[in-house]
1. (1) loosely packed, with under 13 Cβ neighbours inside 10 Å; (2) touching a residue at least 24 places away in the same chain (Cβ under 8 Å): which one isn't true of Gly202, the others all being true?
2. Residues of the range 20-60 being among the hydrophobic types (A, V, I, L, M, F, W, C), under 15 Å from Tyr8 (Cβ atoms) and touching a residue at least 60 places away in the same chain (Cβ under 8 Å), which ones?
3. Could you tell me whether any residue of the range 258-278 is basic (Lys, Arg) and either in contact with a strand residue (DSSP E or B) (Cβ under 6 Å, 6 or more places away or on another chain) or not in a strand (DSSP E or B) (or both)?
4. Quick one: in the range 220-239, of everything that is in contact with a Lys or Arg (Cβ under 8 Å, 6 or more places away or on another chain), under 24 Å from Thr135 (Cβ atoms) and surrounded by fewer than 19 Cβ atoms within 10 Å (Cβ to Cβ), which residue is modelled with the highest pLDDT?
5. So which residues in the range 110-138 are under 30 Å from Gly168 (Cβ atoms) and assigned to a strand (DSSP E or B)?
6. In this structure, does Thr272 turn out to be farther than 30 Å from Thr112 by Cα and modelled with pLDDT under 95?
7. Tally up the residues in the range 301-329 that are out of contact with any Asp or Glu (no Cβ under 8 Å at 6 or more places or on another chain), under 18 Å from Glu266 (Cβ atoms) and either of a type outside the set (A, V, I, L, M) or surrounded by fewer than 11 Cβ atoms within 10 Å (Cβ to Cβ) (or both), please.
Amino acid sequence: MATTMKDYYSILGVARDASPDELKKAYRQLALKFHPDRNPDNKESEEKFKEINEAYSCLSDANKRSNYDRFGTADGAGVDFGNFSSSFTDIFDDFFGDIFGGFGGQRRQRPTKGTDLRYDMEITLQEAAFGTEKTISVPRRETCTTCSGTGSKDGRPPVVCNACNGTGQTRFQQGFFSVSKTCGRCQGAGAVISDPCRECRGSGRIKKTRNVKVHIPPGVDNNMKLRMSAEGELGTLGGPPGDLFVFINVKEHPFFKREGTQIMCEVPIGFTTAVLGGEVEVPTLKAMEKIRIPAGTQSGELFRLKGEGVQRVNGGGKGDMIVKVFIDVPKKLSQRQRELLEEFAKINGEEVHRSFAEKFKDLFTGE
């Protein structure tokens, strides 16, 4: 390399008596600013980045800095980039490792929360309306009792992984960069089990079915989910367990239809009840109730039963039941029934027909 004089202190923006910590801080800021990953296809930034590295490589080494201060170069002939990768890797391990995923440094495993689990539960409309408690069986991985979760036979501790020397990472040198990835032998743990437990095959966990009581509050509806805290998979390295989410599916009822907090149903009434009025029994979610049918009730009329619907899931009272009545027309009549209806038709039908006909006459004639 040529021995062109460069002012490394000016390049880094520090005084000539800057301490090693001040040099390192200045380098971090500038390297982050001009790093090629942040300035793609920018030749000027790329050259500036190389210049910053060159300056820091010289000034961060006590001997090179002494030579530079006395002779203007690191060794009297120029900067030696052959030993640069060490300091470059160190600074990236410290700073850029957290940003870009690590350049040659050890990625320390941290406690991780366990995986959340899902359970789909089907309940009846009555159970959804009034609430219930159910016990469900949930398969999940739990600590192996044979090895107490160590994964090792007879509880023997794991040994240091010889592929990564316990770092959990394997390193690859690529020019100035030292790139690392998770060790394939120990999966980043830094240690391997030489004699694994036969029960769990070295995983430290076995699959078990756990019975969990689920309290279903009144008012739940389709696709609602209940969270059972800490009932999911166990965490790793002391991390908290995950949660269990119970998703609700309410079975369709053969008679009732739910609309929010209201319950809808259709009830047949006899022709004479519709005409003369009376009382009829209608089913609710709890029991049979009587409702008053006024005389002259038409098919399709609605009746409301206050508070006989579904409770709001967060409190605040109950909805209502809406009863829609329709007139049940008999398909078969006795001779006497037919005679009475025909007599009724003679008495009433002429007036009904005249009224109906007059309405259409007015429509067509414009009168």
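The values are calculated or read from the model by the stated rules, or taken from the named source; none is laboratory data. Given the structure is predicted, the values throughout are model-derived calculations rather than measurements. No Cβ is skipped: glycine too gets one built from the backbone with ideal geometry, and neighbour counts run over all protein chains shown.
1. The single condition Gly202 does not satisfy is (1).
2. Within the range 20-60, just Ala31 meets the criteria.
3. Within the range 258-278 (the criterion being basic (Lys, Arg) and either in contact with a strand residue (DSSP E or B) (Cβ under 6 Å, 6 or more places away or on another chain) or not in a strand (DSSP E or B) (or both)), the answer is no, since none of the residues qualifies.
4. Asp221
5. Thr112, Leu117
6. Yes.
7. Count: 6.
Residue by residue, here is whether (1) aromatic (Phe, Trp, Tyr); (2) crowded, with 16+ Cβ neighbours inside 10 Å; (3) in the same structural domain as Arg185 (by TED's automatic domain parsing); (4) in contact with a Gly (Cβ under 9 Å, 6 or more places away or on another chain) holds:
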| position | (1), (2), (3), (4) |
| --- | --- |
| Tyr119 | yes, yes, no, no |
| Ala128 | no, yes, no, yes |
| Thr150 | no, yes, no, yes |
| Thr167 | no, yes, yes, yes |
